[in-house]
Amino acid sequence: MRVMPPIPILALLLTAAVAAAAQESEAPPKTREEALRRQREEKRQTVTPHLPNRIEEQFIRLDKAENPTIVELNWKGFYPRVAWPSRGSGAAPGVRYWNRDVLGNLDVAGAAFYSWRRYQHYDLQFGLMPHEGNEIPRRSWRGDDLFEIGDVRPGFPRFPLFATLRYRDLPQEDFYGLGPETSQEDRTTYRQQERRAYLATGFQVTKRIAFIVEGGYQWNSIGPGTASSFPTTDSEFDDTGAPGIASPPDYVRLSTRLFFDFRDEPGNPHKGWMLAVLGERFLDRSEDSFSFDRIGFDARGFLPLGSPQRILALRAALVSDHAAEGDRVPFFMRESLGGSHTLRGFDSFRFRGERIGLYQIEYRWEPTTFWELAVFTDAGSATEEGLPFENLEWDYGFGMRFKTYRDVLLRFEIAFSNETTRYYIRSSTSF
Amino acid sequence: MILHQRDLYQCARGPTPARSKTEALRAPLPARRASPARSKTGALKAPLLALALVATPAAAQKFYPDDPILVDRDDLPIAKPGVIELSATYDLLEKTFAPMDPADEVPRAMNVNTLGEVPDSSWFQNRIGVREMTLEELARGPLVGGRPELPLTVIAGKATGISPGFTVRDAAGKVYFVKFDPLPHPNLSTAAEVIGKNFFYAIGYHVSESYLVYLRSGDLTIDPGAQVRIEGSQRVPMERAFLEKMLEESAHHPDGSTRAVASLALEGEALGPFQFQGTRPDDPNDIVPHEHRRELRGYRVFCAWLNHDDSRAINTLDTYVGGPGGSGHIRHHLIDFSSSLGSGSDYLRRIAPQDPRAGNEYIVDFEPIWKAFYTFGIADRAWRRIPYAYPRYAEAGRIESEYFDPGKWKPEYPNPAFDRMLADDGFWAAKIVSRFTDDAVRAIVSTGDFLSKEAERYLADTVIRRRDKVVAHYFRQLNPLEGFSAGDSLEFRNLGVERGLGEVAGYEYEWFAFDNQTGELAPLGASGRADDPRIPIPDSDSPYLMVRIRAESPSEPSWSKAVDVYLSSNRLVGIEREI
């Protein structure tokens, strides 16, 4: 009797078992539960880890990053920023410094910027400075001019008290002459270097009403502009046409500003109004022939036309300089019209005068909260005497803005006037 | 006449044309709807292994002996999958600007049993939909683990985001996530969190336990290793002053304490959120694309009812439960209901009453945007004119019922499952909504522990009126017959009639013998008509019978749509609805 070798037997049994198993798996499931279990077992053979696509991966990395956001990004209080220190300065990369509560409640702030047109801005501030929480304080680059003060938002503490040292070098400022009778062909450039030291204090009466008082010294220096395409101001104007060009005065400057801010969101208003009132005294400390006072106001109203997506925005601003008897107001200290916030169809600094009037109307509509379109018209007048309601220059145009709820991120505008067509890309509201 | 059951599983290709009875039998009960936004995402590229729990291949067995299954055993042991991360920003952009591929067909939900119900699973646990829940049960919600035992030790802080808070360990060692109401809005978000959670728990979703707690500074200590990330900096050690400031800037209870909601950490290991589309490729149990899961499609109905506009993937969480070392499985949870009911966030993403846009328009909704664009803003949103009761009932936030339209409600941005919801999905959800009685709603709303009884009453009344609208809307989409029981005759209920939505003159019916293997139907006599919801069962040797029922209602034309009911030895085994 032959005995079958064990290995073939095992192989046979194994084959039979596999065949039986295969047959069983091919047989229709007997129950719903079994049918579902088979599907799951089938998937078990092919499981793979979840892998996000490349774009999603980058988003995840950004979301997870515990690094500060781009707005918060800083190194020991130094925040990289791009600024526009003056109209026509071009973009100026630089840094701001912000360190709150350095000594008790005292804060330190600073800024250093240099533009591709060689404009320079440096400042240092110390004291109880207005700010909101940890946020770096908002600022107006031209905080000393009326047209920008409405963008300085009240903050805390209620009693700010701080000192400022500031130096600005503006090498290509434009000058076309004084008053309304100037032409685009009169364009000249000059260089202004300005140093200021001042102390500011104030009181935030309510969340919406505040006043600030400033006092300090301002040193001015005027020289030939560095733009090669235009003549320099001193080559085209004498001290009569451009007062102060021969011997620019230094000033003791006293300033008071009062804010009534009843806008719903200052950087992106949909309703409410704002009124800023300014009173300033400039006391000439060098030649004693350029002392003057400045008064002015800037009123802005925002009327929803039956819906927050339709806004009528109105603005009226007046500035009036009054020189002391026998004195004059230096050309470089006079307010001006032209550029992205005032007469948008004209070049920056196009009109200068002792009396400035600006009137703006915009119809804004928002297809959605972060996208706004606008049609606008601006009118303005810069005169040497009388009221700035006559000989109005005007322009019109349209624009598109991308916004957050609090701010305009990007503003694209095109404006037309009888002189030129201007295009703007800005990161601030028009007014 | 021989008919094939595979026709019953056809997908929709357009509106159902008017049909003669014979024609209707040839193409019975197709799914329908030209689907709106749909999708193309990586998730959908996952192999579509899934078949509906009821959908079997043509000419294959339709009913199994264990049908209808009440439990889907999707808890088979699996190796622990990896953690899935989701970018909330990417999710918004993808769903808004690159939704899933449009498709002509929206298949019926794939995870229902032969009765069209959702079996219990790792996704859903039938509760109020299948049984009575006492008011105490409803008010207790998911709470089983116990309130946090004081003192609490802060082990991490969260100073950024919509609602700052802490992660704490209580005296018993349990971990809770603690969130506060902001100073200007006492009780708003904490009430929404607790109330919303209790509703969704009763509906059947897996949620965490959340407790309202009233804390004083002395109840909190700081773990030496606790860190917090504050705006403008990376993580820094948490200091007592920071904790005190957070308490100080949170809403206070009249007794001086600070109210918070403490959510117990979910059981198991967190694996990240689930998506409302595709399947997890690393979970063998996950075989039905999520956009075709009825409880996720129907989630839209519940979210509309409770104004949970923040019902997006980032507010979900999968956990690995059931055992270590590859013996566990995934359970799918909903988390964070603080942006529901009248609570939401403002433009700075801080807790605030709901934005009037919420529920009415996506964050980016192209149609109204373009309309407003080319009409110079004249085409305005109707929702802007809704007169909300806020701030009269400040704790309830901004929620109303008069202008609420369940069919038009929208979440923050498109959701693939919501977009694929069909009338039968909506009907399933509305049935559950209809199970919440007035007392049930009031019992759950009372868990918000409002200071103002008027606010509590207003919110409960609003939820009740919204419930009625939801039920009316979805019960009018199809023939709302339910509650079938077979004895000497087949009896059923008309939920629409019971809710007073319309009158029925009678019911047309036609019986068939059904071949479970081939799907063939053979008529059993002529069609009949019954005045009442009771129809005789014919004598037949066939192991399976099917009856097609249509209601005659002059006021509700949708009720003439067919409902096919399958019996086996007088046992109810299947229900299919024309949509």
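A few comments on the model shown:
- Selected residue (criterion: surrounded by the fewest Cβ atoms within 10 Å (Cβ to Cβ)) from residues of region B:349-370 that are of a type in the set (D, E, K, R) and within 11 Å of another protein chain (Cβ to nearest Cβ): B:GLU367
- Residue-level check: of (1) farther than 27 Å from B:TYR362 by Cβ; (2) in a loop (DSSP other than H, G, I, E, B); (3) of a type in the set (A, V, I, L, M, F, W, C); (4) more than 14 Å from every other protein chain (Cβ to nearest Cβ), B:ALA109 misses just (1).
- Only one entry in B:PHE450, B:PHE373 is surrounded by 16 or more Cβ atoms within 10 Å (Cβ to Cβ), without any contact (Cβ under 8 Å) to a residue 40 or more places away in the chain and among the aromatic types (Phe, Trp, Tyr), namely B:PHE373.
- Within region B:232-250, restricting attention to residues that are within 14 Å of chain A (Cβ to nearest Cβ), touching a residue at least 40 places away in the same chain (Cβ under 8 Å) and not aliphatic (A, V, I, L, M), the residue that is surrounded by the fewest Cβ atoms within 10 Å (Cβ to Cβ) is B:GLU249.
- B:SER560 out of contact with any helix residue (DSSP H, G or I) (no Cβ under 9 Å at 6 or more places or on another chain), at pLDDT below 95, assigned by TED's automatic domain parsing to the domain that holds B:ARG493 and not charged (D, E, K, R): no
- Test: residue in region A:55-76 that is at positive phi and either at pLDDT below 90 or away from chain B (no Cβ under 14 Å) (or both): yes
- Single condition B:THR319 does not satisfy, out of (1) of a type in the set (Val, Ile, Thr); (2) out of contact with any helix residue (DSSP H, G or I) (no Cβ under 9 Å at 6 or more places or on another chain); (3) within 14 Å of another protein chain (Cβ to nearest Cβ): (3)
- Filtered residues of region A:370-382 (kept if under 22 Å from A:ASN268 (Cα atoms), outside any loop (DSSP other than H, G, I, E, B) and not hydroxyl-bearing (Ser, Thr, Tyr)): A:TRP371, A:GLU372, A:LEU373, A:ALA374, A:VAL375, A:PHE376, A:ASP378
- Note on region B:365-394: residues that are under 28 Å from the mean Cα position of the chain (by Cα) and closer than 15 Å to A:THR369 by Cβ total 6.
- For region B:378-398, a residue qualifies if it is modelled with pLDDT under 95 and out of contact with any helix residue (DSSP H, G or I) (no Cβ under 9 Å at 6 or more places or on another chain), and the qualifying residues are B:ALA382, B:TRP383, B:ARG384, B:ARG385, B:ILE386, B:PRO387, B:TYR388, B:PRO391.
- Condition check for A:GLY306: assigned to a loop (DSSP other than H, G, I, E, B), away from chain B (no Cβ under 14 Å) and under 29 Å from A:LYS403 (Cα atoms): no
- Scan of region B:538-555 for residues that are in a loop (DSSP other than H, G, I, E, B) and either within 20 Å of B:ASP67 (Cα to Cα) or of a type in the set (Lys, Arg) (or both), ordered by number: B:SER542, B:PRO543
- From B:ASP346, B:ASP310, residue being within 14 Å of chain A (Cβ to nearest Cβ), surrounded by fewer than 24 Cβ atoms within 10 Å (Cβ to Cβ) and within 30 Å of B:ARG457 (Cβ to Cβ): B:ASP346
- Where B:VAL106 falls short, out of the listed (1) closer than 30 Å to B:ASP564 by Cα; (2) surrounded by 22 or more Cβ atoms within 10 Å (Cβ to Cβ); (3) modelled with pLDDT of 95 or more: (3)
- Selection count where residues are in a loop (DSSP other than H, G, I, E, B) and within 7 Å of chain B (Cβ to nearest Cβ), scope region A:31-51: 6
- Number of positions in region B:251-299 that are among the small types (Gly, Ala, Ser), within 14 Å of chain A (Cβ to nearest Cβ) and in a loop (DSSP other than H, G, I, E, B): 1
- Residues located in region B:197-231, provided they are within 14 Å of another protein chain (Cβ to nearest Cβ) and either of a type in the set (S, T, N, Q) or in a strand (DSSP E or B) (or both): B:GLN227, B:VAL228, B:ARG229
- Qualifying residue in region B:268-277 (condition: among the charged types (D, E, K, R), closer than 30 Å to B:LEU451 by Cβ and surrounded by fewer than 23 Cβ atoms within 10 Å (Cβ to Cβ)): no
- Scanning region B:519-537 for residues that are in contact with a His (Cβ under 9 Å, 6 or more places away or on another chain) and assigned to a loop (DSSP other than H, G, I, E, B), we see that the one that is farthest from B:GLU576 (Cα to Cα) is B:GLU520.
- Within region A:320-355, the residues that satisfy the criterion of being acidic (Asp, Glu) and either in contact with a strand residue (DSSP E or B) (Cβ under 6 Å, 6 or more places away or on another chain) or part of a strand (DSSP E or B) (or both) are A:ASP321, A:GLU335, A:GLU354.
- Residues located in region A:285-314, provided they are of a type outside the set (Gly, Ala, Ser) and under 27 Å from A:PRO330 (Cα atoms): A:ARG285, A:GLU287, A:ASP288, A:PHE290, A:PHE292, A:ASP293, A:ARG294, A:ILE295, A:PHE297, A:ASP298
The values are calculated or read from the model by the stated rules, or taken from the named source; none is laboratory data. It should be emphasised that the depicted structure is a prediction, and the values quoted were computed from it without experimental measurement. Counting neighbours? That spans all protein chains shown, and the Cβs are built from the backbone with ideal geometry, glycine included.
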